[in-house]
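Novice: One structure, pasted below without further comment.
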Amino acid sequence: METLTRRQFMKVVGASAAAAALPSALAAKGAQGKPNIIFIMSDDHCAQAIGAYNSRLAKLNPTPTIDTLAKEGILLENCFCTNSICTPSRACIMTGQHSAVNGVYDLGGRLEPERQYLAIEMKKAGYQTAAIGKWHLKTDPNFDYYKVLPGQGSYMNPTFKEKGKGTVKMQGHSSDCITDSVLEYLKGRDKDKPFFLKYHFKAPHDMFENAPRYESYLADVDIPEPDSLWDNRNNGSIATRGHKDELLRYLGTSIGRRNIRRNYTKNWAKDPGLSDKEAKRQAYQTYLKKFLRCVKGVDDNLKRVIDYLKKEGIYDNTVIMYTGDQGFMLGEHDYQDKRWAYEESMQMPFLVRYPKSIKAGSRTDAIVENVDFGPTMLDFAGVDTPKYMHGRSFKSILETGKEPKDWKKAAYYHYWMHMAHHDNPGHIAIRTKHYKLIFFYGTAQKASVPQTPPGWELYDLEKDPYEMNNVYDKPEYKEAITRLKRQLKRLRSEYKEDDPKFAFNKVIEEFWDYDEADRARAIEISHAYRQSKERKR
Ligand code: CA
């Protein structure tokens, strides 16, 4: 190299730049006839708050537009996130990898541009790529175009980071601004190339600010309550309740006054003259109305984009996927927020419309995880799943309703952020069509966060879909537990989660069989935790 003159050097660089441009031009040519892909994701929009999922809230008709995707496409009944919190879930989707491998365990995680594989592979396949709205992966998006909220972003008059322009400010509600930006992008797109668009709302993330036009929506309606808001029966274990319920006041943000540090009566039922029951009811009603008003804003905005696609004549040639970045507790078990492996939090809504190959009104109960989204989108783009991804394409399931013989039988779960923000202990879980086995290991990477009692829970979902009866100690489930533990161990090894560099693995190993000595130790830890809290008060 040192023998080249500057002129010769420029010649070489110029030639290699031209060579680099060539494959992309070829790729664009090969991309003709491929469908557009819009991957719509709201933040914390759970399946219970989508009409098509037929929950207790369906009678409120919260999502008429999103429901049309189910009516004209497919609804997934068993779609799960592998780590129920914003940043890690988004990283799983972008990389197709579980957290231990993609390195994004918690809200502090970053995803460097060179590891934003989904965008990189889409570009290689000849797609024009764009990310608009909430991003939450710290680094700049590696897309041809982006206009994203910094961090959590603001609900009202949001600021965006726009490619080539830097910081831009918009006026109005974030759901409206994000949709305006999507429509502007679509109008200015290169019509000779298919597009891959991430259209991501901030709503309905807390603290739930709706556009002023929704202020009266559901104002006079009594929102149906889940039974478990009032009676949590045999849900949970020593890990979530403490020995003889001694930690109920300290674990899991509550709707009512149960969790003394963090509960929604502090936000929305402050009057000390209210009874516990009145306060809980008022906090729940306020919570749900705020949440559903944000959902309504998402649904109405989505209609504007669908109308545009119809007008452009590209509605049927566009794969439209709708999901939330995880589920959310809407008062079930007297919890709010996500993080739990309990169904409402671990489940992700997932709907796909693509009439060219997906039958209208279909449903599937195949187990699908967020690490599978990337491979599936790439499959629609004609790209084989890269070897470094854990996920697998479920395109054929969407198109035929049938699972390949070797399709996964279980979803893996791991919530890493022990006792952060909402007082949830760290835990792992496995979910099959029949069972959910959860192990709360209750320990942090940092020694400064106290340990909570380790405990196992098993739910027989065929008999108990709302997880109201932990049957871990029932002798008739002994064999099922042995089988599930074996499966769980295998998945942990496959996803590199059992690496000894992670401090929790010592506890997981120690309490794996949960014999009498482990149980006695868990009771001691429960007492110690209560005492540490009482000293602080
Ligand atoms: Ca989220």
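Novice: Suppose we filter Val295, Val182 for residues that are within 16 Å of the ligand (Cβ to nearest atom) and open to solvent by less than 50 Å² (accessible area, probe 1.4 Å); which single one remains?
Specialist: Of the residues listed, the single one that is within 16 Å of the ligand (Cβ to nearest atom) and open to solvent by less than 50 Å² (accessible area, probe 1.4 Å) is Val295.
Novice: With assigned to a loop (DSSP other than H, G, I, E, B) and either within 16 Å of the ligand (Cβ to nearest atom) or within 30 Å of Gly236 (Cα to Cα) (or both) as the only criterion, which of Lys436, Lys409, Lys402, Lys359 stands out?
Specialist: Selected residue: Lys409, the only one of Lys436, Lys409, Lys402, Lys359 that is assigned to a loop (DSSP other than H, G, I, E, B) and either within 16 Å of the ligand (Cβ to nearest atom) or within 30 Å of Gly236 (Cα to Cα) (or both).
Novice: Test Arg56 against the stated conditions and say whether it is open to solvent by less than 10 Å² (accessible area, probe 1.4 Å), at pLDDT 95 or above and either more than 19 Å from the chain's Cα centre (by Cα) or charged (D, E, K, R) (or both).
Specialist: The answer is no for Arg56.
Novice: Quick one: which of Asp316, Asp307 is away from the ligand (no atom under 16 Å from the Cβ) and in a loop (DSSP other than H, G, I, E, B)?
Specialist: Just one listed residue meets the conditions, Asp316.
Novice: Looking at (1) in a helix (DSSP H, G or I); (2) farther than 16 Å from Val319 by Cα, which is the only condition Asp384 fails?
Specialist: In the conditions (1) in a helix (DSSP H, G or I); (2) farther than 16 Å from Val319 by Cα, Asp384 misses (1) alone.
Novice: Is it the case, given these coordinates, that Tyr472 is modelled with pLDDT of 95 or more and closer than 30 Å to Asp334 by Cα?
Specialist: yes
Novice: For the range 254-270, which residues satisfy the criterion of being closer than 20 Å to Gly426 by Cβ and surrounded by 21 or more Cβ atoms within 10 Å (Cβ to Cβ)?
Specialist: Ser254, Asn259
Novice: Of all residues in the range 438-479, how many are open to solvent by less than 10 Å² (accessible area, probe 1.4 Å) and within 21 Å of the chain's Cα centre (by Cα)?
Specialist: 4
Novice: Can you pull out the residues in the range 44-68 that are within 16 Å of the ligand (Cβ to nearest atom) and assigned to a loop (DSSP other than H, G, I, E, B)?
Specialist: Asp44, His45, Cys46, Ile50, listed by residue number.
Novice: Within the range 165-176, which residues are part of a helix (DSSP H, G or I) and in contact with a Phe, Trp or Tyr (Cβ under 8 Å, 6 or more places away or on another chain)?
Specialist: Within the range 165-176, Ser174, Ser175 meet the criteria.
Novice: Does any residue of the range 480-495 turn out to be buried (at least 18 other Cβ atoms within 10 Å of the Cβ), more than 26 Å from the chain's Cα centre (by Cα) and over 21 Å from Ser345 (Cβ atoms)?
Specialist: Checked the range 480-495: at least one residue is buried (at least 18 other Cβ atoms within 10 Å of the Cβ), more than 26 Å from the chain's Cα centre (by Cα) and over 21 Å from Ser345 (Cβ atoms).
Novice: Hey, could you check the range 185-206 for residues that are more than 16 Å from the ligand (Cβ to nearest atom) and assigned to a loop (DSSP other than H, G, I, E, B) and say which is least open to solvent (accessible area, probe 1.4 Å)?
Specialist: Per the criteria, the residue is Pro194.
Novice: Only one of (1) within 30 Å of Lys124 (Cβ to Cβ); (2) surrounded by 15 or more Cβ atoms within 10 Å (Cβ to Cβ); (3) of a type in the set (Ser, Thr, Tyr) is not met by Tyr435, so which one is it?
Specialist: Failed condition: (1).
Novice: Looking at Asp473 and the list (1) farther than 30 Å from Gln48 by Cα; (2) without any contact (Cβ under 8 Å) to a residue 12 or more places away in the chain; (3) out of contact with any helix residue (DSSP H, G or I) (no Cβ under 7 Å at 6 or more places or on another chain), which single condition is not satisfied?
Specialist: (1)
Rundown of residues vs (1) open to solvent by 20 Å² or more (accessible area, probe 1.4 Å); (2) at pLDDT below 50; (3) not charged (D, E, K, R), yes/no style:
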position: Ala18; (1), (2), (3): yes, yes, yes
position: Leu22; (1), (2), (3): yes, yes, yes
position: Ala31; (1), (2), (3): no, no, yes
position: Lys34; (1), (2), (3): yes, no, no
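Novice: Next up: For residues in the range 69-93 being touching a strand residue (DSSP E or B) at 6+ places or on another chain (Cβ under 6 Å) and β-branched (Val, Ile, Thr), which is nearest to the ligand (Cβ to nearest atom)?
Specialist: Thr82
Novice: Just one of the numbered conditions (1) within 28 Å of Arg233 (Cα to Cα); (2) in contact (Cβ under 8 Å) with a residue 60 or more places away in the chain; (3) assigned to a helix (DSSP H, G or I) is not true of Gln487; which one?
Specialist: Every condition holds for Gln487 apart from (1).
The values are calculated or read from the model by the stated rules, or taken from the named source; none is laboratory data. Keep in mind the model is a prediction, meaning the values are calculated, not measured. A quick note on method: Cβ atoms are made from the backbone with ideal geometry, for glycine too, and the neighbour counts reach across all protein chains shown. Note: accessible area is taken over every heavy atom of the protein model, side chains too, but ligands, DNA and RNA are not part of it. Shrake-Rupley method; radii C 1.70, N 1.55, O 1.52, S 1.80 Å.
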